[in-house]
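The values are calculated or read from the model by the stated rules, or taken from the named source; none is laboratory data. This structure is a prediction, so every number in the text was calculated from the model and none was measured. Here the Cβ positions follow ideal geometry from the backbone for every residue, glycine too, while neighbour counts run over all protein chains shown. For accessibility, only protein heavy atoms count, side chains too; no ligands or nucleic acids. Shrake-Rupley method; radii C 1.70, N 1.55, O 1.52, S 1.80 Å.
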Amino acid sequence: MKKYILFFVIVISNILFLNNTFAQGGMWLPNQLDRNQKDMMSKGCHISAKQIYDEQNASIKDAVVLFGRGCTGEFVSNQGLLFTNHHCGYSEIVKHSTVDHDYLTNGFAAMSLDEELPCPGLTVTLLQYMKDVTSDVLSGVSSSMTEKERQMKVNENIKNIVENTTKGTNLDGYVKALYYGNQYMLYVNKIYKDVRLVVAPPSNIGKFGGDTDNWMWPRHTGDFSVFRVYADANNEPAEYSKNNKPYQPKKFLKISLKDKNEGDFTFVMGYPGTTQQFLTSYAVEDIQNIEDPARIKLRTERLNVYKSAQEESPAKRLRYASDVASIANGWKKWQGEVKGLKFLNAVEKKRQGELNNPLMSQFYELYNDNRKYKLEQLYIGEAVLASDFMYNTRRLLSLIDLSMDNTVTDIVLKTEADNLLSWLDKYYNNDFASHRGVDSMIFVRTMTIFYNDFAKDNYNFLHDKLNKMPIEDYFADIYKTSVLNNPEKIRKVLKDYKRKNYKKLIDDSAVEFLSPIWGQYVNSTREKLTQNNNKLDSLYRINTKHYIDEYNRHNNTKDMSMNNGIFPDANLTMRVTYGNIASFKPKDGITYRHYTTIAGIMEKEEPNIYDYVVEQKLKDIYYNNDIAPYSDRVAFIATNHTTGGNSGSPVMDADGNLIGLNFDRNWEGTMSDILYDKDLCRNITLDIRYCLLIIDKYLEAKNLINELELVK
Ligand code: ARG
Ligand code: GLU
């Protein structure tokens, strides 16, 4: 600890360091929004911070929910009607889709409450209140403690705080660290468990443009779906029951049908997942030059395999659609991120801000040491476990481990083996015969990159074998000879599993290959990562505190507390971000308008390309001009600082009326998780009027339109 003290007495000479480190943007704590009030007003806001977040009276925060585990939704009627994105409701829509009722492809709308479809497992979380509990969390923590001792004390305090708050209630609570543990916030929630699907647009509206248009502006995706939250007779959370009633929210959002113009104020309330604005230049450099490129390279390989399989038949296109969607989402975002970081000269900017900072040598050492372990973890996730083959092998490994552990009872072993068997049964019965070609290709190709780019220099044990034959042949051979490629044989081993059966598995080619790699990761690398990350966290805690103090000093901020200019990184808790509707210039000579229209859908139409099919019904609506009282606008962009998790978030106007659903960012601006830039970064919002147009005129669910409160 002592060596850090020096840091606080050194006067940082570079006044620009803050500007270089944080280029505006902001995801603000809703309970401290009064500190942003003046700025919000100057940007055009008409309502007060209290109308957005208030613990005593109904406020906008009561209309905004965490949808599932990683999206946002908002109430739009006094009957618990909830809007979110199509891609947020996607897996629920898939679960309700069959060949006879293909809601995913054709869309779905419940014409009455009893047509709404229960979604077991789906939850909606409503924030009751949040509270700064920093002093309670840090009580008993002293500067002489080691990081581990500190963490233990902090965890113990957190446990007590949560218990004292929620014991004997139907509340759920958690505490989250802000600014790397310079501040702690308690969140108290009610979790509603009876949530039902009400509307899904057809995929060629809800996912129009598919992965090609993903992360791109100009955009024409009708990315919305509608759910309803149910509660017990007292309006409280309850498990699914026929007797439950639509939940009556304290507050729901009115919907504005007005046109939005360049410069108009907008704000977004929701649950952004992760940002990393405090990262040092060393971390940004690694992301830009090593980590993102490695991930992109591996995913390019996987996508190529899936895509050529998809071209073989419509059935295969569907089979791999959701895998491709999720692999391609990160793949494309990282490419934008690398481009954006380079364009902004992010590493150099960060470095400028780090001059004279005596902590930097420690950061440097730690990142240097950690690089190998981080890469190993990256390759485990993106290559080693990318194929189903290796994923299944890992499960075999853990069965073998359990079998060799005498403290594990026979019953436990048998249950484990049965679970694995039923998992594999499903896997083999599904479409193994045609899928194995794809999966083996994924395995061979990702492993070859893994070997050439990483393993060759890091795993000595692979050398001997690989000296003897071409690497691709070596991996192809593992695939071919493994028991996992022989359903009959593996079923025999797992059925009525006895402890000694593991001996039949231990020499298997796949087990032999994965065992040392997985073993090193689990037994050694993970621990080293934890150690280094703990050290980094504690450095970041000190560094971040220093930035904030400096910020306050430079700005003569009287209130020395936080949330006053530098926002805490997103951590999947409720935040508010605000900005203005704004066009942007992606490149010299090009300006992108701030909105798109249905005309653009017609322009993009390609009847033979799945993602660009336009239904006749939408054409009829458009060409017959059957659009009033809505609009032909589809989406718009603004300067709100958002990230993953903000999907489905309400985008509101200066009066707090709903004008759209946040669903994406522009590609040129995806580096905003690390460094925001007001000229380049835009959030992409579905114009709420396109959503209503589809519900009203395409799905003809007037019953739902009647529930809404429209402001003209
Ligand atoms: N890019 C958006 C987000 O990050 C949408 C992703 C879903 N859409 C898709 N085509 N994969 O989540
Ligand atoms: N589509 C993202 C999500 O699912 C939002 C886009 C972003 O990362 O900003 O949350």
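Some observations on this one:
- Region 445-504 versus region 87-116: alpha-carbon centroid distance in Å: 41
- Counting only protein heavy atoms and using a 1.4 Å probe, the accessible area of Asp34 comes to about 100 Å².
- Taking all protein chains together, Asp439, Asp611, Asp464 sort by accessible area into Asp464, Asp611, Asp439, largest first [probe 1.4 Å].
- Taking one quarter of the surface of the convex hull spanned by the alpha-carbon atoms of region 99-214 gives a direction-averaged projected area of 12.3 nm².
- Temperature 10 °C, viscosity 1.306 mPa s: under these conditions the Stokes-Einstein estimate for region 462-520, based on its Kirkwood radius over C-alpha pairs, is 125 µm² per second.
- For the pair Asn533 and Asp259, a Förster radius of 56 Å applied to the C-beta separation gives a FRET efficiency near 0.70, rounded to the nearest 0.05.
- The Rg/Rh ratio for region 493-639 is 1.23, where Rg is the radius of gyration of the alpha carbons and Rh is the Kirkwood radius.
- A 1.4 Å probe, protein heavy atoms only, puts the accessible area of His641 near 10 Å².
- Inter-part distance where region 131-158 and region 196-239 are each reduced to a Cα centre, Å: 41
- Taking amide H atoms as placed 1.01 Å from N in the peptide plane, the amide H of Trp28 lies under 5 Å from those of Val576, Thr577, each 5 or more residues away in sequence or on another chain.
- Dimensions of region 266-366 based on its C-alpha atoms, expressed as ranges along the principal axes with the largest first, amount to 60, 36, 24 Å.
- Point-charge dipole on Cβ atoms (K/R +1, D/E -1) for region 59-110, about Cα centre, debye to 20: 180
- Rg in Å to one decimal, and Dmax rounded to a whole Å, for region 562-649 via C-alpha atoms: 18.2, 54
- In the context of the full protein assembly, Thr274 retains an accessible surface of approximately 90 Å², using a probe radius of 1.4 Å and ignoring ligands and nucleic acids.
- DSSP-defined antiparallel bridges as percent of all bridges, the chain, nearest 5: 95
- Any cysteine of the chain lacking a neighbouring Cys Cβ under 4.7 Å - listed by number: Cys45, Cys119, Cys681, Cys691
- Inter-centroid distance (Cα atoms) of region 644-672 relative to region 674-693, Å: 5
- Percentage of interatomic Cα-Cα distances in region 348-404 larger than 17 Å: 63
- Each distinct pair of alpha carbons in region 409-466 adds a 1/r term; the inverse of their mean, the Kirkwood radius, is 14.3 Å.
- For Glu365 and Lys500, a Förster radius of 41 Å and the Cβ-Cβ distance give a FRET efficiency of 0.25, rounded to the nearest 0.05.
- For region 573-712: rounded, prolate or oblate by the Cα gyration tensor [a/c cutoff 1.5]: oblate
- Coordinate range along principal axes, alpha carbons of region 329-449, Å, largest first: 61, 41, 22
- Protein-only accessible surface order, largest first, of His87, His463, His46 at 1.4 Å: His46, His87, His463
- Over 18 Å apart at the Cα level, from the set Lys372/Lys528; Lys50/Lys250; Lys426/Lys492; Lys43/Lys587; Lys190/Lys245, are Lys43/Lys587.
- Expressed as a whole percent, the proportion of Cα-Cα pairs in region 486-566 lying more than 16 Å apart is 72%.
- Theoretical gain in end-to-end length, Asn78 to Phe461 [0.36 nm per residue, Cα-Cα removed]: 131.5 nm
- Taking the inverse of the mean 1/r over every pair of distinct Cα atoms in the chain gives a Kirkwood hydrodynamic radius of 27.8 Å.
- Dipole axis of the chain (+1 Lys, Arg; -1 Asp, Glu on Cβ), positive-most option in Thr407, Leu385, Trp423: Thr407
- Dividing the Cα radius of gyration of region 221-265 by its Kirkwood radius returns 1.19 for Rg/Rh.
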